Amino acid sequence: MLKYFLCCFFLAHTAFCLAEPLVDAKPSTTSFYNNAFVVHQLSPSLYAIGEPNYYQANYSYLIVGAEKALMFDAGANLQHDITEVIRTITDKPVAVIPSHLHFDHLGGIARFDEIWLMNTPYLRSFKKSDGLFHIPESVHLGAAEGLALPPLKVSRLIQHMEVIDLGGLQIKVLATPGHCLDEIVVHDISNNILLTGDHLYPSWLLMGNLDDYIASTDLIITQINPHTLLYGAHPDEDSSKIPAMVYSDAIDLQTTLHSIKAGTAQGHPYKNADLIESSIRYPVNKNISILTDITIIGGESFSY
Ligand SMILES: [Zn+2]
């Protein structure tokens, strides 16, 4: 039943969201691999690797510096090797850091030679006496799809707000809890691009903790500017569209979150026969909404 509910949850999450995205990204090149992955080159150093045929239509991102490349998320696909796709793009050493530890962002993670996580007490608690990180099912949620995650060998722990030089390209990693406790975003400072994971994308957002979501969004706003381009981990109902956003989407989210906190936002009870037993749905703008106070059918709370 859990599998059914979670599948419906994510199907609803991707299939019944709001309207068209503000930004219809125009990638310079597009390539397809095994009908599983599609690669959009967004800039000389940034590639979106999408899985438009996967029901959650995840998008992962590859940032390529002169010396090193970094994958933000590892895709969802287990059958096909996402690192083979990456090798068609770059021969630089590649590390991967997940936006968070839900199963749909970790599909190919064990295929990477170098795995990074954030250096937080929460994530360090998963390191056991064998030196490996054992991500619990309660975090991974992969049982919903019959997936198990092997223990991970983590080669580097990244500090909150740490700046990493990939070779002529600097990125900053921010811990941004709110969707879940371990959510992060990656800011490509050199190119003014923010990769937002599940914190912000042009569809339904799922709030795990209001105060964290507010604090993280406030932090994000201090790091970006009106010219920043933002890319999320899930598109709207058209899975072929890159989940691209602009600065005003982040501002709209911030405004909505503070209004929710102040009790002045206009939310409406929302439930879904397949998944959501109860929630409050707040419009952020014409593309984005956010669900709060989420109880999954069966009584489980999404909050933390
Ligand atoms: Zn996700």
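The values are calculated or read from the model by the stated rules, or taken from the named source; none is laboratory data. No experiment lies behind these values; they were computed from the predicted model shown. Here the Cβ positions follow ideal geometry from the backbone for every residue, glycine too, while neighbour counts run over all protein chains shown.
Determine whether Leu132 is away from the ligand (no atom under 16 Å from the Cβ), surrounded by 15 or more Cβ atoms within 10 Å (Cβ to Cβ), at pLDDT 95 or above and farther than 28 Å from Thr30 by Cα. Criteria not met by Leu132.
Condition first: touching a Ser or Thr at 6+ places or on another chain (Cβ under 9 Å), β-branched (Val, Ile, Thr) and in contact (Cβ under 8 Å) with a residue 12 or more places away in the chain. Can you find one or more residues in the stretch 166-173 that meet it? Spell out the reasoning first.
So in the stretch 166-173, the residues touching a Ser or Thr at 6+ places or on another chain (Cβ under 9 Å) come out as 166, 168-171.
Filter once more, keeping what is β-branched (Val, Ile, Thr): 171.
Checking which are in contact (Cβ under 8 Å) with a residue 12 or more places away in the chain leaves us with 171.
Yes, the stretch 166-173 has at least one match.
Taking the conditions (1) under 26 Å from Pro52 (Cα atoms); (2) without any contact (Cβ under 8 Å) to a residue 40 or more places away in the chain in turn, Thr222 satisfies each one other than (1). Taking the stretch 270-303 as the range and being out of contact with any helix residue (DSSP H, G or I) (no Cβ under 8 Å at 6 or more places or on another chain), buried (at least 17 other Cβ atoms within 10 Å of the Cβ) and under 17 Å from Met245 (Cβ atoms) as the test, only Ser289 passes.
Can you pull out the residues in the stretch 56-78 that are outside any loop (DSSP other than H, G, I, E, B) and either modelled with pLDDT under 95 or within 16 Å of the ligand (Cβ to nearest atom) (or both)? Can you show your working first?
Initial filter on the stretch 56-78 (outside any loop (DSSP other than H, G, I, E, B)): 59-64, 69-72.
Matches in the stretch 56-78: Tyr59, Ser60, Tyr61, Met71, Phe72.
For the stretch 96-114, the set of residues classified as away from the ligand (no atom under 16 Å from the Cβ) and either part of a helix (DSSP H, G or I) or surrounded by fewer than 20 Cβ atoms within 10 Å (Cβ to Cβ) (or both) consists of Ala110, Arg111, Asp113, Glu114, listed by residue number. Scanning the stretch 196-233 for residues that are among the polar types (S, T, N, Q) and part of a helix (DSSP H, G or I) yields Ser216, Thr217, Thr222, Gln223. Among the numbered conditions (1) surrounded by fewer than 23 Cβ atoms within 10 Å (Cβ to Cβ); (2) farther than 24 Å from Val139 by Cα; (3) touching a Ser or Thr at 6+ places or on another chain (Cβ under 6 Å), the only one that Leu194 does not meet is (1). In summary, Leu195 fulfils each of the numbered conditions (1) without any contact (Cβ under 8 Å) to a residue 60 or more places away in the chain; (2) closer than 23 Å to His234 by Cβ with the single exception of condition (1).
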